[in-house]
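This report concerns only the one structure given below.
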């Protein structure tokens, strides 16, 4: 692990085999960039990271892997966006994608293969999620992959709701001269959903098991009722495919969800996002998980390039 100056702060760099990882654990436990150096000296970006003029743009930078906690995407309370209702019936704020991506973390462990960082709730977090808990993020880096585990410890006396996720910005295309149309994604989902303007889950587009990445119907689609835990992104017959695994069992829980999203046809990234469940889980109860008092739950994902 090396320290690297970055816009007035210090980020960390890990070199593991042919892979190089960059992260700023204290800011959102954010993994920023991942590239692979091939034997011929060429470098492939796996995770995209944009050029930033300052750290003022860091939180909402379209790159790396923002951590989504305690809930993913847009939360609603009876039609009011960016709100949620706590178990005691109080309506509270809940920012887009939750609290972690813009939150402060404390680095508690780092070695030559990864790190662990613990969320330090500020005033915004305490007002939005008023519980006694510890939330931590652990990354383990491999020569051609990574594993990330989110851990939620309930330190209080009441059950703790959560539905966390990841927002991986994969660099696409990754070959010179290639375009998005040269790539496909395979997600073993039996059901597709979308979120409507009031936060409710509605039927999504009819999609095949494997779709061309340029298909606009993929954008903002929730892939659920998964028959397997691997989403595979890449060229049909080419090497270097990205395999994203949701959970540690061959078949995830029925409400576990992959999300596919990008900004525009020419964006230099495509997001494949493994979530514990769909958005607005506190209101719909779909994919909402509860941690009993004194207990711990974990959400693990991994990525391999092969």
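The values are calculated or read from the model by the stated rules, or taken from the named source; none is laboratory data. Source: prediction; values computed, not measured. Backbone-built Cβ (ideal geometry, glycine too); neighbour counts: all protein chains shown.
A few comments on the model shown:
- Residue match in the stretch 22-40 (condition: loosely packed, with under 15 Cβ neighbours inside 10 Å, closer than 26 Å to residue 267 by Cα and free of Cβ contacts under 8 Å to residues at least 60 places away in the same chain): yes
- Any chance residue 205 is without any contact (Cβ under 8 Å) to a residue 40 or more places away in the chain and more than 19 Å from residue 243 (Cβ to Cβ): yes
- Residues of the stretch 149-173 classified as surrounded by 21 or more Cβ atoms within 10 Å (Cβ to Cβ), closer than 17 Å to residue 34 by Cα and out of contact with any helix residue (DSSP H, G or I) (no Cβ under 8 Å at 6 or more places or on another chain), total: 5
- Strands (runs of 3 or more DSSP E) lying entirely in the stretch 53-148 (those with 1 or more residues that are surrounded by 23 or more Cβ atoms within 10 Å (Cβ to Cβ)): 83-85, 104-111, 114-120, 133-142
- Residue within the stretch 201-210 that is touching a strand residue (DSSP E or B) at 6+ places or on another chain (Cβ under 8 Å) and within 25 Å of residue 49 (Cα to Cα) present: no
- Residue list for the stretch 262-285, filter: closer than 17 Å to residue 162 by Cα and either over 18 Å from the mean Cα position of the chain (by Cα) or surrounded by fewer than 19 Cβ atoms within 10 Å (Cβ to Cβ) (or both): 282, 283, 284, 285
- Residues satisfying the stated conditions in the stretch 235-265, i.e. farther than 30 Å from residue 154 by Cβ, at pLDDT below 95 and out of contact with any helix residue (DSSP H, G or I) (no Cβ under 8 Å at 6 or more places or on another chain): 236, 237, 238, 239, 240
- Residue in the stretch 208-228 that is surrounded by the fewest Cβ atoms within 10 Å (Cβ to Cβ), counting only those that are touching a residue at least 24 places away in the same chain (Cβ under 8 Å) and in a loop (DSSP other than H, G, I, E, B): 227
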